[in-house]
Amino acid sequence: MILYYQYGEASQDPVTDKLVLDKNAALKTLELLYRMAQEDKVLPETMIGTDWRTIHSGFVNGRVLFWFGGT
C-alpha cells in the first residue's frame, strides 16, 4: 500500500467509510513495479514466487542494499 499512497491517493472515503480504489494510482504503482523488475532490474522478475531463504540470504550476505517487504 505504501507504493500506492506515494501517489497521494486515499483508500477510504472519509464521508461514507467505504473502501475506494483510484485506478490511476493503482496503474502508476503497477507501472513502477514493472519498471523496477523488467527495465531497471532492481527487483527479481520472480519476486512474488521467491522463497524467503533466498531473499534473506541475499540480504545477510551483503548482496542486497535495500529491502522492502511485508506480509
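Counting only chymotrypsin sites (Phe, Trp or Tyr not before Pro) that are in a DSSP loop and have at most 10 other C-beta atoms within 10 Å, tell me the longest site-free stretch of the chain.
1-65
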Subtracting the Cα-Cα distance of Trp52 and Leu33 from 0.36 nm times their residue separation yields 4.9 nm
Here FRET efficiency (C-beta to C-beta, Tyr7 to Leu65, R₀ 30 Å, nearest 0.05) is 0.80
Rounded to the nearest 10 degrees, the helix 23-34 long axis (Cα) sits at an angle to the longest Cα principal axis of the chain of 10 degrees
For semi-axes √(5λ) of the Cα gyration tensor in Å, with candidates (1) 27, 14, 10; (2) 30, 14, 10; (3) 62, 10, 4, the value calculated from the shown model is option (2)
Excluding residues fewer than 8 positions from Lys41 in its own chain, the lysines with Cα under 16 Å of it are none
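Any read-out appearing in this document is the output of simple, stated calculations on the displayed coordinates, not a laboratory observation. Remember, it's a predicted structure, so these values are computed and weren't measured experimentally. Don't worry about glycine lacking a Cβ; one is built from the backbone with ideal geometry, like all the others, and counts go over all protein chains shown.
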